[in-house]
1. Using +1 at the Cβ of each Lys and Arg and -1 at the Cβ of each Asp and Glu in the chain, identify which of PHE23, ALA79, VAL118 lies farthest towards the dipole's positive end.
2. Just to confirm the filter: which GluC sites (Glu not before Pro) across region 16-89 are DSSP coil and have at most 14 other Cβ within 10 angstrom of their Cβ?
3. Take the residue pairs LYS54/LYS245; LYS27/LYS66; LYS54/LYS206; LYS27/LYS54 and return only those whose Cα atoms are more than 20 Å apart.
4. Among the lysines, select those whose C-alpha is under 18 Å from the C-alpha of LYS166, and discard any that sit fewer than 8 residues away in the same chain.
5. Please say if region 38-83 is rounded, prolate or oblate, where rounded means a/c under 1.5 for a ≥ b ≥ c the square roots of the C-alpha gyration tensor eigenvalues, and otherwise the choice is prolate for a/b larger than b/c and oblate otherwise?
6. Could you pull the accessible area for LEU106 with a 1.4 Å probe, rounded to 10 Å²?
7. Could you give the spread of the C-alpha atoms of the chain along their three principal axes, from largest to smallest, in whole angstroms?
8. Quick one: angle between helix 284-302 and the longest Cα principal axis of the chain, in degrees between 0 and 90, rounded to 10, please.
Amino acid sequence: MKPEILVASQMPAPTMRALEENFTLHKLYEAEDQAAFLAGIKDRVRGIATSGGKGASAALMDAVPKTEIIANFGVGYDAVDVGAAKARNIAVTNTPDVLTDDVADLALALLLDAARLVSRADRFVRAGQWLKGNHPLGHAVAGKKLGIVGLGRIGAAIATRAEAFKLQVSWYGPRPKPDVKWPYVADLVALARDVDFLCVICPLTKDTHHLITREVIEALGPEGTLINVARGPVVDEPALVEALKAGKLGHAALDVFEDEPRVPEALLAMDNVVLLPHQGSATIETRTAMGQLVVDNLVAHFAGQPLLTRVA
Ligand code: 8YV
């Protein structure tokens, strides 16, 4: 008998195939009446596969109370109520490492786009404007300063890449770390004031919610660029929009938003912002590897083996 799993959101095709081979699946995302669907499988579900977008609330855990494990498709597990899982003795896993390079690449792509106006220039060519004149100039990247908010695995991968582009790197986090070669700045506002680019790549927690305040944004200033490849709510989005409108911030390059997939209307009309639909890990290779890690954690759990990437 295969263990029964609730699949809260659709996963890549190879992941779905591997899940199907190992488990009996109940696809919540296909259910029209989710409450009735959950009631029907209440006592059979022993695991949940979910994603960064859908997560797992305490209510979902209570709807399928025999759950032993929640496997999150994504390194960020802010949408899983880990406290509720712990209280119910449910293990939680995520997908670290396999997406580090792709997210770091995308952070640099956003930085380069904001500085060199890649997306904007693309729109310019498509609109036939090149026939009427030249595109405005961008800014050089080499020799500029990059501040990184959160120097975990992905933050360090961003720093390494940034150095290859001749950027001077410093960083902010809750505490300095031994063996990190890039200078630590304990004051986030001071870091923002000092750098040209500020890249946010910390987890979303109660401590980092709106960590990027109006004050930080204004310290970055009219020549500064804010890059966010972490989670939307780490940035005070209304303050960001206001600062951009008022010319108090130069550029923003955003992969994530406070209320995804809704993007503030005001940003859509601005030429000094780059907007992506949460693409950090969005490659075939990485999404496949993330999915495999979801499957491997679930398989390990039901085989009574140690979990590969347990959180908390
Ligand atoms: C995913 C992510 O897009 O890993 C994360 O934390 O944000 C992304 O890799 C997301 O989890 C998929 O829902």
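The values are calculated or read from the model by the stated rules, or taken from the named source; none is laboratory data. What you see is a predicted model; the values in this text were computed from it and never measured. Heads up, the Cβs are rebuilt from the backbone with ideal geometry, glycines too, and the neighbour counts pull from every protein chain shown. For accessibility, only protein heavy atoms count, side chains too; no ligands or nucleic acids. Shrake-Rupley method; radii C 1.70, N 1.55, O 1.52, S 1.80 Å.
1. The residue sitting most towards the positive pole is VAL118.
2. Values: sites: GLU20, GLU21, GLU30, GLU32, GLU68; in loops: GLU32, GLU68.
Taking region 16-89 and a limit of 14 other Cβ atoms within 10 Å, the loop GluC sites (Glu not before Pro) found are GLU32.
3. Numbers: LYS54/LYS245 32 Å; LYS27/LYS66 17 Å; LYS54/LYS206 18 Å; LYS27/LYS54 13 Å.
In this structure, LYS54/LYS245 lie more than 20 Å apart at Cα.
4. Those lysines meeting the cut-off are LYS144, LYS145, LYS181.
5. On the way: a/c = 2.19, a/b = 1.93, b/c = 1.14.
Prolate, since a/c reaches 1.5 and a/b exceeds b/c.
6. About 30 Å², rounded to the nearest 10.
7. Its Cα atoms span 67, 50, 31 Å along the three principal axes.
8. That helix lies at roughly 30 degrees to the long axis.
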